[in-house]
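K.L.:
Sharing a structure, written as structure tokens. Questions coming.
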Amino acid sequence: MAERSTAAVDVADTSGDQPLTAKADQSTADGVAKNRERDTEDVEAQGSGGTESPGKASPPELHSGHKLARRYRLEECVTRLDGFSSWRAVDEKLRRAVGVHILPADHARARSVLAAARSSALLGDPRFVQVLDAVEENDLVYVVHEWLPDATELTTLLASGPLEPYDCYQMVSQVASAMAAAHREGLAHLRLNPNAVLRTSSGQWRIRGLAVNAALRGASSDTPQRADTEAIGALLYAALTQRWPYENDAYGLAGLPKDVGLIAPDQVRAGVHRGLSELSMRALANDGATASRHESACTTPEELVKAIGEMPRIRPPEPAFTAPPEYQRTTYQQGTYGRPAPHPGVTQPVVPPPPPLQSRTGRALKWAVSALLIAALGLGSWQLADALMDRGGKSDENQTQTTDDGDKNSTAPKPTKTLSIEDAQEFVAEGDAQHPGDVKLTYDNSMTTGWRTSSYKDGPKIVIKPGVGIVYDLGSSQEVSAATLSLRYGGKYTAASLYAADSLTPSSLDSMTKIGSVTTDDTTATIKVGKPVKSRYLLVWLTAMPYSGDDPANYSTPGYKQAITNVKFTG
């Protein structure tokens, strides 16, 4: 299945990734590599982005559906590079999505990856994507980390334009303070780039791959604090200008013009916040000087946090409220319906209400009317009760007679019963299985769980195979009259058929007998059997599925797909 959340994939890809913090052959007086913009993604793709060679180890042969520790089910391979692979997986014990890095135990970087993962897990800072597990098992080393489907990479955010000053300020503040805390514990990132910085739906910024991504790539630096600080400056520069502060293009961003050097963000783009522009220049490797302020460079995240604290705080933009239109009262609401419009400046006379009946004659008239109404109500109530009693007696007689006659002349319909399901197994006619481990969730009487298909590009009719489905075992031969399906996705259209099978694992679709079918646009479908059939094994077979969008709760991407949450057979 092609199900990838770009906001939650760990940084193990090569999309324009420049090794800003990798150890270089040439260095300045403080050990910071020169000409970092020359390290292209082609070099990294060949595994030369670090100081160690991956050796002769080859990536393990893994596939979707493979389980690690009988718990982590691999779903989609996100990256396969330098002898390791990164996957989106499902923690079946806690029923949540996770990310997994996997490499052979004899890989040259396996020991360093395990050590980095365990050190990162001990930090426990919620501003970093957490490492959940780091294990060596069955000749494999794998690292399990959080998966954040509600977060968006900085790379994706910048695709539509630079960020607002307040968002830039929040990003650099949170990232710098998080990295300062990590360095106090002796941990460096060394691969801090727009792919490694995420913004959650609540507006918080998270960093992924602390220490682990550098270990996977074999990256190192003689001055890790300076390297991470420069990387933060590059992130702020990109957020302010939508440009990468080096000559080469990277992360979907255009680089700076050739032979102009590193120029301040407010010289690249008009309207850039002056204080943030100077802050990014102080963090980048430019000898710490700006054209206007001549302030010292920030060489550690701690110094960068201090510099941010000395800036005037940037306030969030005021929300724009649109004034509601003035309420227009109608002439009817103003009490002038049917009257001529008054002339401007002319006061309309107010007609006083008629006086109430206050005289002796008036009071007597009111008492007389009240008594008459009471008498009429009493008489009417008595007549109504008498008529209802007479009608009720006749109705009882007629009903008794009708019931007696009906017992003699009619036959009561035969009651239906729900058939119990003993076992189930996914039936694969061609190609790969869908999710065989989830078939039991279709008869657990829960509408929140179920079995789902893959997401297909073509539809609604399934093109690449004759269909997908599940064979159910009723325990013994039963008379079946209908099958009711509860589906997760509605829309045009779902086509389902019911087959009588000879075993739980039939040899082919042709060996079964089709006993009913239905097409629906709804989330429920009832397949009726024209003439009741006796069978122990029944196949529910889907041949067409509706198109549905992204479904993070069900770990499913857009496509033609369906999920069965509950199945009930009646006889």
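The values are calculated or read from the model by the stated rules, or taken from the named source; none is laboratory data. Computed from a predicted model, the values in this text were never measured in an experiment. Counting neighbours? That spans all protein chains shown, and the Cβs are built from the backbone with ideal geometry, glycine included. When the accessible area is computed, the model is the full protein with side chains, heavy atoms only, and any ligands, DNA or RNA have been set aside. Shrake-Rupley method; radii C 1.70, N 1.55, O 1.52, S 1.80 Å.
K.L.:
I need the phi-derived Karplus couplings for the range 111-116: 6.51 cos²θ - 1.76 cosθ + 1.60, θ = phi - 60°, integer Hz, Gly and Pro marked x.
P.N.:
After applying 6.51 cos²θ - 1.76 cosθ + 1.60, I find 5, 5, 5, 4, 5, 5 Hz.
K.L.:
With every protein chain left in place and a probe of 1.4 Å, what is the accessible surface of residue 464, to the nearest 10 Å²?
P.N.:
120
K.L.:
Hey, another quick one. Sequence gap of 8 or more, or different chains, plus Cα separation below 17 Å: how many lysine pairs satisfy both in the range 492-566?
P.N.:
Taking the range 492-566 as the scope, the lysine pair count is 4.
K.L.:
Another question about this same structure. So for each of 539-550, 517-528, 78-89 I average, over its residues, the number of other beta carbons within 10 Å; can you give me the resulting order with the highest mean first?
P.N.:
The most tightly packed comes first, giving 78-89, 539-550, 517-528.
K.L.:
Could you pull out the trypsin sites (Lys or Arg not before Pro) across the range 248-286 that fall in loop regions by DSSP (anything but H, G, I, E, B) with no more than 12 other Cβ atoms inside 10 Å?
P.N.:
Listed in order of number, the matching sites are 258.
K.L.:
Would you rank 369, 468 by solvent-accessible area, highest first, keeping every protein chain in place and using a 1.4 Å probe?
P.N.:
369, 468
K.L.:
Could you give each residue of the range 243-256 its phi-based ³J(HN,Hα) in whole Hz, using Karplus coefficients 6.51, -1.76, 1.60 with θ = phi - 60°, and x for Gly or Pro?
P.N.:
My calculation for the range 243-256 gives 10, 8, x, 9, 6, 7, 6, 7, 6, x, 10, 6, x, 6 Hz in order.
K.L.:
Further question on the same structure: Which pairs break 29 Å Cα to Cα here: 67/457; 417/465; 440/461; 67/461; 417/461; 93/568?
P.N.:
Beyond 29 Å between Cα atoms: 417/465; 67/461; 417/461.
K.L.:
Excluding residue 91 itself, what net charge comes from residues whose Cβ is under 13 Å from its Cβ, given Lys and Arg +1 and Asp and Glu -1?
P.N.:
Local charge sum for residue 91: +4.
K.L.:
Which ³J(HN,Hα) values in Hz, rounded to whole numbers, follow from the phi angles of the range 517-532 under the Karplus curve 6.51 cos²θ - 1.76 cosθ + 1.60, where θ = phi - 60° and Gly and Pro get x?
P.N.:
Result, ordered by residue: 7, 7, 10, 9, 9, 9, 9, 10, 8, 10, 9, 8, 9, x, 10, x Hz.
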